[in-house]
Amino acid sequence: MNYGPNEAGKYAQKLRINLLEAHGVDIILCPPFLALKPVFDAVADSKIKVGAQNMHEADSGAYTGEISGTMLKDLGIDYVLLGHSERRHVFGETDQRINLKIKRSLQVGLKPIFCVGETLDERQSGSTNVVIKRQMEHGLDGIDADQLKSIILAYEPVWAIGTGLTATPDQAVEVHQDIRSLIRDLYGQASADEICILYGGSVKPENTEGLLRNEDIDGVLVGGASLKLDQFKGIIDATLKIV
Ligand code: PGA
């Protein structure tokens, strides 16, 4: 819930101008609902894509205040974040609800960015892999290998989001490898090789390269640092050293 339509639109315009050189990096901007249209217009005909931060699982109906995937498609949006830790922990979204959202997003032709991650308590009690497995298995229930091709995964340890604490590359890699082997068990080797797994949680210019040097980390999901253009640009520059 940062940046309204005016601010976000201006930001996207500046980012677009700043990114003319950034070949080889895929960028998806996910602003709040009200800012989707100005951001979408600002990056039209560029390689920057746009995603929403959430959607409702129904197509339409008596759900006052909600936004459906069909509405996002209508606007021309391609991606939607689903299962972000704040949706899970602040708004009480369950694995089952996230699964319904993922299924609906695919039905309407959106590409979900499906987030999973453990809390500090879960990590400290040694249950990280159990939690991730549960979130993945429930979230992907009923999704076939063909549909999986449209899904991006994001590992975001809850204790690292907005806290300034980043998982070390080793901590992140360990979970990314677990996620990839889960995908292998569920869908086979080809799907595991193909799936894109992002890391998120206090990503900044200084730690991007160290994270992305690991072949199991395919990209980053940036929160706070994306709000400042120079920081976000720094992350993109660090990414460009690797691609
Ligand atoms: P952060 O946020 O980069 O500020 O930790 C990540 C997120 O909100 O997913």
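The values are calculated or read from the model by the stated rules, or taken from the named source; none is laboratory data. As the structure is a prediction and not an experimental result, all values here were calculated from the model. We place every Cβ from the backbone using ideal geometry, glycine too, and count neighbours over all the protein chains shown. Ligands, DNA and RNA are stripped out before the accessible areas are found, and what is left, the full protein with its side chains, is counted by its heavy atoms. Shrake-Rupley method; radii C 1.70, N 1.55, O 1.52, S 1.80 Å.
Before moving on, here are some points about what is shown:
- Charge tally around Ile28: other residues with Cβ under 11 Å, Lys/Arg +1 each, Asp/Glu -1 each, net +1.
- Charge dipole (Cα centre; +1 on Lys/Arg Cβ, -1 on Asp/Glu Cβ; no other charges) of the stretch 51-174 amounts to roughly 160 debye.
- Accessible-area order (highest first, 1.4 angstrom probe) of the listed residues Val80, Val130: Val130, Val80
- For the chain, the 222 nm mean residue ellipticity estimated from helices alone, with every DSSP H stretch of n ≥ 4 adding -39500 (n - 2.57) and the total spread over all residues, rounds to -13000 deg cm²/dmol.
- Rel. contact order, % - alpha carbon contacts under 8 angstrom, at least six apart, the stretch 110-235: 25
- Considering only Gly76, Pro169, Ser105, the residue lying farthest towards the positive end of the dipole of the stretch 5-240 is Gly76, judged by Cα position with unit charges set on Cβ.
- Net +/- balance of residues flanking Asp185 in space, Cβ distance below 13 Å, scoring K and R +1, D and E -1: +1
- Charge dipole (debye, nearest 20) of the chain; +1 at Cβ of Lys and Arg, -1 at Cβ of Asp and Glu: 600
- Accessible area in square angstrom per residue, the stretch 96-243, 1.4 angstrom probe: 45
- Dividing the mean sequence gap of close Cα pairs (under 8 Å, 6+ apart) by how many residues the chain holds gives a relative contact order of 15 percent.
- Within the assembled protein chains, the solvent-accessible surface assigned to Asp41 is about 80 Å², based on a 1.4 Å probe.
- Accessible surface of the stretch 5-240, 1.4 Å probe, proportion on carbon and sulfur as whole %: 50
- Packing rank of 27-33, 100-106, where each peptide gets the mean count of other beta carbons within 10 Å, highest leading: 100-106, 27-33
- Unit Cα scatterers, Debye sum, the chain: log10 I(q)/I(0) for q = 0.15, 0.16 Å⁻¹: -1.08, -1.24
- Electrostatic bookkeeping for Phe91 treats Lys and Arg as +1 and Asp and Glu as -1; over the other residues with beta carbon under 15 Å from its beta carbon, the sum is -1.
- Dipole of the stretch 1-93 computed with +1 at Lys/Arg Cβ and -1 at Asp/Glu Cβ about the Cα centre; of His56, Pro31, Leu20, farthest Cα towards the positive end is Leu20.
- Coil-residue trypsin sites (Lys or Arg not before Pro) of the stretch 136-243, DSSP, other Cβ within 10 Å capped at 15: Lys149, Arg213, Lys228, Lys241
- The stretch 2-121: projected area of the alpha-carbon convex hull, averaged over directions, in nm²: 8.6
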